[in-house]
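The structure under discussion appears below in the form of structure tokens.
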Amino acid sequence: MLRFLSLKFGRLYRCLKFLLVVGLFVILVMNTHNLFASFQRNELTDRRFINLNKCPACFGTSWCRKFMNGQVSFETWGRLRFLDFFNVKNVHFAQYGEPREGTRRIVLKRLGSNQELADIDQKICKRATGRPRCDLIQAIYKTEFARLNGDVRLLTPDVVEGWSDLVHCPSQRLLDRVVRRYAETKDSGSFLLKNLKDTERMQLLMTLAFNPEPLVLQSFPSDEGWPFPKYLGACGRMVAVNYVGEELWSFYNAPWEQRVDLARQLMDIAEQLTNNDFDFALYLLDVSFDNFAVGPRDGKVIVVDAENVIVADKRLIKQNKPENYDVWYESRFEDCDKEACLSFSKDILCSRVTVDHNYYAVCQNLLSRYSTWRGTTGGLLHDPPADVAKDGQLEALLDECTKPKKHYGRYQAAKELREYLAQLSNKAR
């Protein structure tokens, strides 16, 4: 009976697979003309396609000349619009060319799904007119994005606090940094908001509220050693950043020596974002294998999704001295039935000087045996060599970093884990 059922389901699976292939073939045949047209035209020169027609309800215009000149074009498969159905995050690979430098790969982001972008349009319209649809360009001048006119000198915390993770608890020092490094203006370098044009101010606030990732990349640039991709520019609702490399998940089954080096870098990133000379703590709230990438030449690990990053100003915390501000905070491990989940309190992250969140996030979601992603368990450091497994130190440190048994155990475990991974990396060289 069981054999009969397995044969029956096997035939059903093969039948469904055949129908799927036939269906895709029919779609391709029916859209042959559109396919050829897609390969021939460059949609990135279309103002409506990149939503340039919606500015200043957009993310910027600094790269519009490059888009309009045809210097930016989708890579082969990216030109097929029916494949956008599978591209929920609206992240595309493209080629960018300069006459004297040749072409190179970049990444284009719409910073949200089509539904999320439609929702922000509806919110703007409802706030301005009370209706879900309207003339977006006129409506944005009646929203909070236009509240700050040329007479307002500074962008202050009371205006934007809570708009997004970046400004969940903003200090004046952070906001001055954001304005001073804002790349979508020709007159960058000043922290005075009044030096921006009206449209530039609205674009800045729109980005801050919808998805602040571009502002994170600009405020904490890769040129200064921060582990983020380089921000290149924007046109309409399309943002361009440097291509870093393949996602970390592609290295899940890489040779042990390479995985050890990647793990060491991940712990170094956790340390850098927690403790640095600028006294800004950048806490990663969304930590998964898809949100990190590895450079093809130097093997350097980079955070490629910076939308959900809280920035806490340690100097402000020390100055204001909220309750328990100087008590070390221990993130709490919780079993979860979802992939890449974390337990945290944004308010606590914003009110403590010493926090172990980044160590906890990297250890639990990327390195340890508690890590789960795409149906796998075991983390990046799964299946260590016999001598490492027999030693037991690696597993013990990963367990203490993820689910500490000692009071403040994660802090010491993270320190020792970084040192141990460095030793393993040196041995492999």
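Computed over the alpha-carbon pairs of the stretch 312-429, the distance histogram in 10 Å steps reads 13, 38, 31, 14, 3, 0 percent, short to long.
Sorted by average packing, counted as other Cβ atoms within 10 angstrom per residue and highest first, what order do 89-95, 59-65 take?
The densest-packed peptide leads the list: 59-65, 89-95.
With the convex hull of the Cα atoms taken as the outline of the stretch 172-238, the averaged projected area works out to 4.6 nm². Of the peptides 326-334, 161-169, the order by per-residue mean of other Cβ atoms within 10 Å, starting with the highest, comes out as 161-169, 326-334. Residues of the stretch 308-327 with an amide N closer than 12 Å to a point placed 7 Å from the Cα of residue 347 along the Cα-to-Cβ direction: 323. Largest GNM mean-square fluctuation across 57, 254, 263, computed for the chain with C-alpha springs under 10 Å, falls on 254. Taking a sphere under 14 Å around the Cβ of residue 290 and counting the other residues whose Cβ falls inside, with K and R at +1 and D and E at -1, yields a net charge of -3. Where [x] 37, 34, 21; [y] 39, 25, 19; [z] 56, 31, 19 are the candidate values, the label of the one calculated here for semi-axes √(5λ) of the Cα gyration tensor in Å is [x].
The share of accessible area on the stretch 349-429 that comes from carbon and sulfur is 49 percent, using a 1.4 angstrom probe. Each Lys or Arg adds one and each Asp or Glu subtracts one; over the other residues with Cβ under 10 Å from the Cβ of residue 280, this totals +1.
Segment residue 318..residue 254, full-extension length gain: 18.7 nm, with 0.36 nm per residue of separation and the alpha-carbon distance subtracted.
Give me the accessible area per residue for the chain, probe 1.4 Å, as a whole number in Å².
On a per-residue basis, 52 Å².
Between 135, 286, 198, the residue with the greatest mean-square fluctuation in the GNM of the chain (Cα pairs under 10 Å linked by springs) is 135. Applying both filters, DSSP loop and at most 12 other Cβ atoms within 10 Å, to the trypsin sites (Lys or Arg not before Pro) of the stretch 144-211 gives 147, 153, 186. Summary value for the stretch 347-429: 23 percent relative contact order, contacts being C-alpha pairs under 8 angstrom separated by 6+ residues. The Cβ shell under 12 Å around residue 222 holds other residues with a net charge of 0, Lys and Arg each +1, Asp and Glu each -1. Under the criterion of Cα pairs below 8 Å and six or more residues apart, the relative contact order for the stretch 278-336 equals 35 percent.
When all protein chains stay in place and ligands, DNA and RNA are ignored, the 1.4 Å accessible-area order of 302, 137, largest first, is 137, 302. Summarising the strand pairing of the chain, around 95 percent of its internal DSSP beta bridges are antiparallel.
Applying 1/(1 + (r/R0)^6) with R0 = 56 Å to the Cβ-Cβ distance of residue 53 and residue 426, what FRET efficiency is obtained, to the nearest 0.05? Rounded to the nearest 0.05, the efficiency is 0.50. Each Cα pair under 8 Å and six or more residues apart adds its separation to the average, and for the chain the resulting relative contact order is 13 percent. Per atom type, the stretch 161-233 shows carbon and sulfur on 44% of its accessible surface, probed at 1.4 Å.
Could you sort 297, 104 by accessible area so the largest value comes first, with the probe set to 1.4 Å?
On the way: 297 235, 104 90 Å².
Order by accessible area, largest first: 297, 104.
Note on residue 335 and residue 391: their simple-model spin labels are 3.1 nm apart, each label 7 Å out from Cα toward Cβ.
Taking every DSSP helix (H) stretch of at least 4 residues in the chain, weighting each as -39,500 (n - 2.57) and dividing the sum by the residue count yields a mean residue ellipticity at 222 nm of -11500 deg cm²/dmol. Placing +1 on the Cβ of every Lys and Arg and -1 on the Cβ of every Asp and Glu, with nothing else charged, gives the stretch 112-249 a dipole about its Cα centre of roughly 560 debye.
Ellipsoid fit via the Cα gyration tensor, the stretch 258-371: semi-axes of 25, 17, 11 Å, each the root of five times an eigenvalue, largest first.
The values are calculated or read from the model by the stated rules, or taken from the named source; none is laboratory data. All values derive from a computational prediction rather than experimental measurement. Neighbour counts run over all protein chains shown; Cβ positions are idealised from the backbone, glycine included. Ligands, DNA and RNA are excluded from the accessible area calculation, which covers all protein heavy atoms including side chains. Shrake-Rupley method; radii C 1.70, N 1.55, O 1.52, S 1.80 Å.
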